[in-house]
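Student: Dropping the structure in here first, questions after.
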Amino acid sequence: MEAAGGGGGPGCGCKGIRSCLLCEGPAQAAPPPQGEDNFTYCPATGLAKGNECSEFAGWAFPFPGVFLMEEFISENEESEIVGLMDQDDWKPSQSGRKKQDYGPKVNFKKQRLKAGSFTGLPSFSEKIVAQMKACSVLGGFLPVEQCNLDYMPERGSAIDPHFDDWWLWGERLVSLNLLSKTVLSMSCDSEDDIQLFPTFSKENGELSPSGSFTRTSACKNSGEEGIDCILSPRLVPSKEVTVAIHLPQRSLVVLYGDARYKWKHAIYRKHIEHRRICVTFRELSAEFSTGGRHEELGKELLEIALSFQGRPV
């Protein structure tokens, strides 16, 4: 039996188990679960560091596959882009979001794809895409699809933990975060363990080398404060770890590698404090790229996309 869900509220686009504040009403027993992140990603080191209030304080592990650039666009550029978006209609979407799609017509379940009414990415995105060339991880990035998502706290906007499709979309997911800060919450369903390493100190945040570790403060739980003690790496189940990636206003984030294929990403209600717009760009997978089985269709779609003459589909 399908779980009870939302839908039916004014301006609500929820289906199935999805719900938002527009459709939940007083009968909703409890809001959707919102995970508590116990690690925070550090862009300077590439590490996920245990939060001070969690049982993982003082521990860290490498978290590859994230590129974050703050102030990717200026405040004036942000205002101009949002103004242009708001000239077009926003369609109700799942979980209290609204959306504008610029991309081909896709049936992911049946793996069918065609241009449909796709006329290209919007004109204002041409400059954004050009600026991406300055990012080292975006060499050769050719977006074939753009999705604008509008989040509002009054609607209870959120997006559940998920992977983006990898039959059609390529390795790099590129998102521009507009109007307000938020947190991208990363979780993993793998049965594998994660190896944690103690950090030398809270001050320098450095990752200890492999093997044994010496850290004075690590002895505080044993009552031997001030005496060095040896710590070994710690193994924890992946399912017990959640990583927060803080996204400042006007920042650009790229997920690739493990962050794309191993870790699900989500935005929880509690992290939407003001209106937020996410602009996500996706590239084609190998199957639709040079040498792939559907190379010709991929070329056709890219030609349309990069004309930058599109309207929302």
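Student: Restricting attention to the range 150-163, which residues are over 20 Å from residue 11 (Cα atoms) and either modelled with pLDDT under 95 or surrounded by fewer than 16 Cβ atoms within 10 Å (Cβ to Cβ) (or both)?
Tutor: Once the filter is applied, which keeps residues that are over 20 Å from residue 11 (Cα atoms) and either modelled with pLDDT under 95 or surrounded by fewer than 16 Cβ atoms within 10 Å (Cβ to Cβ) (or both), the range 150-163 yields 162, 163.
Student: For residue 299, only one of the following conditions fails: (1) surrounded by fewer than 17 Cβ atoms within 10 Å (Cβ to Cβ); (2) not in a helix (DSSP H, G or I). What is its number?
Tutor: Among (1) surrounded by fewer than 17 Cβ atoms within 10 Å (Cβ to Cβ); (2) not in a helix (DSSP H, G or I), residue 299 violates only (2).
Student: If you check 76, 51, which single one turns out to be over 22 Å from residue 175 (Cβ atoms), out of contact with any Lys or Arg (no Cβ under 8 Å at 6 or more places or on another chain) and of a type outside the set (Gly, Ala, Ser)? Before you say what the answer is, go through the steps one by one.
Tutor: Working: 76 fails: over 22 Å from residue 175 (Cβ atoms).
Sole residue among the options that is over 22 Å from residue 175 (Cβ atoms), out of contact with any Lys or Arg (no Cβ under 8 Å at 6 or more places or on another chain) and of a type outside the set (Gly, Ala, Ser): 51.
Student: Any residue in the range 237-246 that is under 21 Å from residue 101 (Cα atoms) and crowded, with 19+ Cβ neighbours inside 10 Å?
Tutor: There is no residue in the range 237-246 that is under 21 Å from residue 101 (Cα atoms) and crowded, with 19+ Cβ neighbours inside 10 Å.
Student: What is the number of the single condition among (1) out of contact with any strand residue (DSSP E or B) (no Cβ under 7 Å at 6 or more places or on another chain); (2) at pLDDT below 95 that residue 167 does not meet?
Tutor: It is condition (2) that residue 167 fails.
Student: Among the residues of the range 220-234, is any at pLDDT 95 or above, open to solvent by 20 Å² or more (accessible area, probe 1.4 Å) and assigned to a loop (DSSP other than H, G, I, E, B)?
Tutor: no
Student: Quick check, is residue 64 open to solvent by 10 Å² or more (accessible area, probe 1.4 Å) and touching a helix residue (DSSP H, G or I) at 6+ places or on another chain (Cβ under 6 Å)?
Tutor: yes
The values are calculated or read from the model by the stated rules, or taken from the named source; none is laboratory data. Everything quoted here is computed from the prediction, not taken from an experiment. Note that we place each Cβ from the backbone using ideal geometry, even for glycine, and neighbour counts take in every protein chain shown. Surface accessibility is based on the protein's heavy atoms, side chains included, excluding ligands, DNA and RNA. Shrake-Rupley method; radii C 1.70, N 1.55, O 1.52, S 1.80 Å.
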